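**Q** Before we start, here is the structure in question, set down as structure tokens.
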Amino acid sequence: MRVLIIGSGGRENAIAWKISKSPLLEKLFCAPGNPGTSSVAENLNIDIKNFDAVKCAVLENSVDMIVVGPEEPLVNGMGDFFKNDESLKEIIFIGPGSEGAKLEGSKEFAKDFMYKYRIPTAGYKSFNIDSFEDAEQYIDSLKAPYVLKADGLAAGKGVLIIDDSRQAKRELKEMLTGRFGSAGDKVVIEEFLSGIELSVFVLTDGKNYLILPEAKDYKRACDGDKGLNTGGMGAVSPVPFADADFMRKVESRIIVPTIAGLQNEGIEYKGFIFIGLMNCSGDPYVIEYNVRMGDPESEAVIPRIESDLLSHFIALGEGRLDRERIEISDKFAITLVMVSGGYPQSFEKGFEISGAYELSGEMLFHSGTTFNEGKLVTSGGRVLALTALADGIQSGREKLYSLARKVSYKGIFYRGDIGLDLITH
Ligand code: AMP
Ligand code: GLY
């Protein structure tokens, strides 16, 4: 197999690292990739927003399979582009078309879908500027805190949770009048769910599915879940509170009806489904769907997959995932994201990174790094994601942080408490 991975973050680095070990792989490409993927794949410097450019690279390099990392190309129809092109129809495309990608691209679509297929989720209504007064009334009918979600993609920033109803109405008006651009033309208002969050990942060929290891991510910037929301400061897998009983509920109440619902809607869905869940007193509720893997969750989840991910992808393309068995390690994976000082607000970049090469045998995945005159330097907010696999969380944390101390660059910052909350004494 000649495989092209689309994307350039830690998630894509983790997927590339895993696929590069497969005996079924002939050659791996990543577009645009990053310095981390360059050690296991050939990076192709193309603009992934330009589907024609991707097509050219695919034909030129005789690519047999495309694996899409981020949601944006999927929401923008990359899957449809490849499916509808006669010259490309033999290529296995891992990722849904734009209809399926609406599960992530439109909160209203996702909520209506869950409502229709009786998938447990928070009660909701959606509004636009013409129904602003109804929205105010709906807010008054709910108990605080109020959850407001911009319908469209808003780079992970489109969800507001507000304690005060007057402030919620003010924020709602701002959302509906352009604060998130057209992503906020519609806003979903929903009930607040209290519980513990975790994420479950599914790989489906549209009919059959494999359940990947679950994970918990650490979204806030600072220890103790303080500070601003980020794209993710760390992750752990497995999640101890997701026991077999809970996971059976997730499968029967959420995964099975989601896949059946997609089929019923006539949506051919071949790819990942990332289900963000709230565990409310032992019952799972869906907070959101994503149509891709998580980042940094992938960097914890993928190292626990012992079976051949590329073999699963091939089976997915051929619609025979029912004949694949996923093997998952019992070990704990703990992932630490090293960020640029100031992230998620403004930060400087271009600082030389030392220690990364010394960790080349470890699971050090690159996110915001680049080469500048032969030197590895920072180029983004989330710079590196380091994963340790161990028999327990405590030993995993020790291993992780002792490795992390070997990396340095100006302004390096990371949380010190990844996994700490999961240690039971
Ligand atoms: P989302 O972008 O949909 O993942 O939402 C971002 C975060 O907001 C989630 O990870 C949750 O922590 C929180 N959240 C979203 N919806 C709800 C809800 N209905 N109740 C409580 N928290 C929520
Ligand atoms: N870590 C959250 C996400 O990938 O959406």
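**Q** Work out the length of the dipole vector of region 331-411 about its Cα centre, built from +1 on the beta-carbon of each Lys and Arg and -1 on the beta-carbon of each Asp and Glu, and round it to the nearest 20 debye. Don't skip to the answer; put the middle values down first.
**A** Details: 9 positive and 7 negative charges, 28 e Å.
With Lys and Arg at +1 and Asp and Glu at -1, about 140 debye.
**Q** While we're on this one: So what is the relative contact order of the chain, in percent, for Cα pairs below 8 Å that sit 6 or more residues apart?
**A** On the way: 963 pairs, mean separation 70.0, N = 425.
Relative CO of the chain lands at 16 percent.
**Q** Distances longer than 12 Å among the Cα atoms of region 367-407: what percent of all pairs is that?
**A** Values: 533 of 820 pairs.
Of all Cα-Cα pairs in region 367-407, 65 percent lie more than 12 Å apart.
**Q** Would you calculate the separation in nanometres between label points at Arg170 and Gln345, each defined as 7 Å from the Cα along the Cα-to-beta-carbon direction?
**A** Distance between label points: 1.9 nm.
**Q** Work out, step by step, the length gained on full extension between Lys143 and Leu420: first 0.36 nm times the residue separation, then minus their alpha carbon distance; give nm to one decimal.
**A** Details: separation 277, 0.36 × 277 = 99.72 nm, distance 3.20 nm.
So the chain would gain 96.5 nm between Lys143 and Leu420.
**Q** Going by a ≥ b ≥ c, the root eigenvalues of the Cα gyration tensor, does region 37-77 fall in the rounded group (a/c under 1.5), the prolate group (a/b larger than b/c) or the oblate group? If you can, show how the numbers build up before the last one.
**A** Details: a/c = 1.73, a/b = 1.28, b/c = 1.36.
In terms of gyration-tensor shape, oblate.
**Q** Charges on Cβ only, +1 for Lys and Arg, -1 for Asp and Glu, centred on the Cα centroid of the chain; of Val301, Ile423, Val3, which one is farthest towards the dipole's positive end?
**A** Ile423
**Q** So between Ser402 and Ile328, what do we pick up on full extension, going 0.36 nm a residue minus the alpha carbon distance? Could the numbers behind the result be given before it?
**A** Values: separation 74, 0.36 × 74 = 26.64 nm, distance 2.55 nm.
Result for the pair: 24.1 nm of gain on full extension.
**Q** Across 10 Å bins from the origin, how do the percents of Cα pairs in region 51-156 run, short distances first?
**A** 13, 33, 25, 16, 10, 3
**Q** Continuing with this model, one more query. Mind checking the dipole of region 2-85: about its Cα centre, +1 per Lys or Arg Cβ, -1 per Asp or Glu Cβ, Debye to the nearest 20? Before the final figure, lay out the partial values.
**A** Numbers: 8 positive and 11 negative charges, 63 e Å.
Charge dipole, region 2-85, about its Cα centre: 300 debye, nearest 20.
**Q** So how strong a dipole does the chain carry about its Cα centre when Lys and Arg Cβ are +1 and Asp and Glu Cβ are -1, to the nearest 20 debye? Kindly include the intermediate steps, with their values, before the conclusion.
**A** Working: 48 positive and 62 negative charges, 118 e Å.
For this selection, approximately 560 debye.
**Q** Run lengths n ≥ 4 of DSSP H only: what is the helix-derived mean residue ellipticity at 222 nm for the chain, with -39500 (n - 2.57) per run over all residues, to the nearest 500?
**A** On the way: 13 runs with 109 residues, N = 425.
Taking each H run of at least 4 residues, the total per residue is -7000 deg cm²/dmol.
**Q** Mind scanning Lys249/Lys270; Lys21/Lys226; Lys143/Lys270 and naming the pairs with a C-alpha gap bigger than 28 Å? Walk me through the numbers on the way to the answer.
**A** Details: Lys249/Lys270 23 Å; Lys21/Lys226 38 Å; Lys143/Lys270 39 Å.
Over 28 Å apart, Cα to Cα: Lys21/Lys226; Lys143/Lys270.
**Q** Take the alpha-carbon positions of region 299-425, form their convex hull, and give its projected area averaged over all directions (one quarter of the hull surface) in nm². List each step's numbers first, then the result.
**A** Details: hull surface 40.5 nm².
For region 299-425, the mean projected area of the Cα convex hull comes to 10.1 nm².
**Q** Can you give the % of DSSP beta bridges in the chain that are antiparallel, to the nearest 5? Write down the numbers at each step before the final one.
**A** Working: 61 of 77 bridges.
That works out to approximately 80 percent antiparallel.
**Q** Take the alpha-carbon centre of region 106-133, take the same for region 327-347, and report the distance between them in whole Å.
**A** 32
**Q** How far is the Cα center of region 22-79 from the Cα center of region 367-402, in Å?
**A** For region 22-79 versus region 367-402, the Cα centre distance is 23 Å.
**Q** For the chain, modelled as a GNM with alpha-carbon contacts under 10 angstrom, which of Ser298, Ser39, Ser20 fluctuates the most?
**A** Ser39
**Q** Then there's this: Anyone know which of Ser395, Ser38, Ser379 comes out most mobile in the 10 Å Cα GNM of the chain?
**A** Ser395
**Q** Suppose R0 equals 22 Å; then what is the FRET efficiency for Arg220 and Glu352 from their Cβ-Cβ distance, rounded to the nearest 0.05?
**A** Details: r = 28 Å, r/R0 = 1.28.
My answer for the efficiency is 0.20.
**Q** Please find, in a Gaussian network model of the chain (springs between Cα atoms separated by less than 10 Å), the residue of Glu306, Glu104, Glu60 whose mean-square fluctuation is greatest.
**A** Glu60
**Q** Then there is this: For Lys375, give me every one of the lysines with a C-alpha distance below 21 angstrom, ignoring sequence neighbours fewer than eight places off in its own chain.
**A** Partners found: Lys349, Lys406, Lys410.
**Q** Which one of Ala242, Leu359, Asn279 has its Cα pushed farthest toward the positive end of the charge dipole of the chain, where Lys and Arg give +1 and Asp and Glu give -1 at the Cβ?
**A** The Cα lying farthest towards the positive end belongs to Leu359.
**Q** Please give, to one decimal in nm, the separation of the simple spin-label points placed at Asp245 and Leu24, each 7 Å out from Cα toward the Cβ.
**A** Placing both labels 7 Å along Cα→Cβ, they lie 3.7 nm apart.
**Q** While we're on this one: With the cut-off at 1.5 for a/c, could you classify the chain from its C-alpha gyration tensor as rounded, prolate or oblate? Show your work: numbers first, answer last.
**A** Values: a/c = 1.40, a/b = 1.18, b/c = 1.18.
Rounded, because the longest to shortest axis ratio a/c is under 1.5.
**Q** When a/c is below 1.5 the answer is rounded, else prolate if a/b is larger than b/c, else oblate, so apply that to region 143-275 with a ≥ b ≥ c taken from the square roots of the Cα gyration tensor eigenvalues.
**A** Values: a/c = 2.04, a/b = 1.38, b/c = 1.48.
Oblate.
**Q** Using the C-alpha atoms of region 334-384, what convex hull volume per residue, in cubic angstrom, is computed?
**A** Output value, Cα hull per residue: 72 Å³.
**Q** Then there is this: Around Leu203, what is the net charge, scoring Lys/Arg as +1 and Asp/Glu as -1 over all other residues with Cβ under 10 Å from its Cβ? Could you put the intermediate results ahead of the total?
**A** On the way: positive: Lys270; negative: Asp205, Glu324.
Neighbour charge sum, excluding Leu203 itself: -1.
Bear in mind that the values in this text are calculations on the coordinates, not laboratory data. These numbers were taken from a predicted model, which means no experiment stands behind them. No Cβ is skipped: glycine too gets one built from the backbone with ideal geometry, and neighbour counts run over all protein chains shown.
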